[in-house]
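Written below as structure tokens is the structure these notes are about.
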Amino acid sequence: MFMKQPGNTERFTIVIRCSLLLCVGLFVSTACQADDWLYARGTAASNGVAASPLTPKPTELWRYEAPDTGFEATAVVKDGIAYLGDVNGTFHAVNIETGKAVWTKAFDDSGFLSAAAIDGDHLFVGDYNGVLRCLAMADGTERWQVELSAELMAGPMVHQGKVLATTESGHFTKHEADTGKQIGEFVIDAPLRCTPTIVDGRAMLAGCDSKLHAIDIETFKEVDSLEIDGPTGCTPAAIGSRIYFGTEEGSFFAIDTGKSPFEVLWKYVDRRRRQGIRTAAAVSDKLAIYGSQGKAVFAIDVTTGKSAWTFPTRTRVDSSPVIAGSVAVAATQRGKLHLIDLESGEETWQFDAGNNFVASPTVVDGKLLIGNTGGILFCFGEQK
């Protein structure tokens with residue numbers, strides 16, 4: 001059969017149509033990937049900024065209850081499924097549209113206090129007995145496990161096929177994601193309680209030895225460090241080469257890691273509430289937001305290092321805040337959730353969950369997910 005060959009105009013039209021289809025496909029794919037929450041603080045930069053906005057006045061969409069246990073681990077999300085472990089050693093996969101369990105998997109003599117990390121179709125999670133596991137996302141089947149030197153208090157990170165984990169004994173380890181084989185180790189003389197933050201091929205670790213450490217991920221050698229004014233377990237938040245975190249001395253730092261030696265850009269201290277900072281910060285190009293043992297949430301201008309606003313909570317804040325659209329999400333030890341307007345610092349909404357929040361919020365697809373110590377995973381959003 002004779003087929004008519006397209007002329008120049010038709011060829012141009014075909015190319016444009018194909019290009020448009022390709023762009024649309026790429027946009028959809030990127031949007032889906034961007035709205036996943038793959039690590040404790042969302043991305044490898046650990047800056048706690050959601051890809052999708054959250055309505056300033058959400059409603060409760062559902063609650064998932066795990067009996068006789070509690071949630072202290074932050075949920076991670078991929079393709080509409082939330083994954084989190086409970087303090088008694090059961091791991092849960094929950095559909096974020098329905099609030100129904102997809103699967104649960106119990107592990108003997110275990111308990112999960114920190115977020116998992118997602119890479120491909122696997123979950124990587126540590127427990128309070130020092131076991132790092134790889135689980136299949138499909139059903140929770142354990143692919144491998146390795147015993148580390150002490151409990152894992154922070155979620156792991158995955159970078160280019162390598163799993164990075166910190167332990168209470170001060171060990172920072174690198175493992176093959178396929179097998180769990182340990183292929184690197186860096187040690188400090190104090191606990192490491194932060195998730196590694198990735199900046200330009202380096203893992204940034206804020207340690208209980210009162211230092212910021214930069215570890216080259218390829219060689220696993222320390223390439224830079226900086227003395228800070230106190231110990232910290234806060235996961236650093238990165239915007240480009242600049243990182244932000246607080247200390248037990250109540251100081252909040254902005255540091256340029258693009259320079260060697262590192263340069264402290266500014267340090268903020270609230271003189272009235274100078275108590276320890278134990279949350280990671282949520283950082284945008286305008287504000288750094290963190291909670292404190294001083295019973296408040298602070299917003300600091302990232303350019304000037306000056307206070308933008310302070311939101312009193314009347315109780316300690318151990319849960320790390322999240323920025324979602326025009327609001328910050330903060331959760332307290334008394335079990336209250338607050339949405340705070342980023343511009344004014346005024347509350348737009350609150351919810352009393354009844355039990356403490358240690359886990360941090362997760363925001364995906366316009367939904368706010370957070371578990372409490374009473375064993376309830378809540379989902380809030382806009383009722384459709």
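A short reminder: the numbers here are calculations on the coordinates, not readings from a lab. All values derive from a computational prediction rather than experimental measurement. Cβ atoms come from the backbone with ideal geometry, glycine included; neighbour counts cover every protein chain shown.
General observations
- Dipole magnitude of the chain, debye to nearest 20 (Cβ charges: Lys/Arg +1, Asp/Glu -1, about Cα centre): 960 debye
- Region 47-73 and region 114-188 have Cα centres lying 24 Å from one another.
- Looking at region 105-198, the pairs of alpha carbons with a distance over 22 Å make up 17% of the total.
- For region 214-241 and region 287-302, distance of Cα centres in Å: 21 Å
- Per-residue packing, averaged as other Cβ atoms within 10 Å, sorts the ranges 175-182, 333-340 into the order 333-340, 175-182, beginning with the highest.
- Region 245-286 and region 338-359 have Cα centres lying 22 Å from one another.
- Ranked list, fewest to most other Cβ atoms within 10 Å of each Cβ, for Asp270, Asp200, Asp109: Asp109, Asp200, Asp270
- Each of Val158, Val187, Val163 was scored by other Cβ atoms within 10 Å of its Cβ. Listed from fewest to most, they are Val187, Val158, Val163.
- Residue order, fewest to most beta carbons within 10 Å, for Cys194, Cys134: Cys134, Cys194
- Selection among Gly240, Ala331, Gly258 by position relative to the dipole of region 38-381 gives Ala331 as farthest towards the positive end (Cβ unit charges, Cα centre).
- Binned Cα-Cα distances of region 38-381, short to long, each 10 Å bin given as a whole percent: 6, 29, 37, 24, 5, 0
- Farthest toward positive dipole pole in the chain [+1 Lys/Arg, -1 Asp/Glu at C-beta], among Leu226, Ala288, Val76: Ala288
- Region 64-108 shape via C-alpha gyration tensor axes, a/c threshold 1.5: prolate
- Positive-end residue of Ile198, Ser319, Gly381, charge dipole of the chain with Cβ unit charges: Gly381
- Here the Karplus relation 6.51 cos²θ - 1.76 cosθ + 1.60, evaluated at θ = phi - 60°, turns the backbone of region 372-381 into coupling constants of 10, 6, x, x, 10, 9, 9, 10, 10, x Hz, with x for every Gly and Pro.
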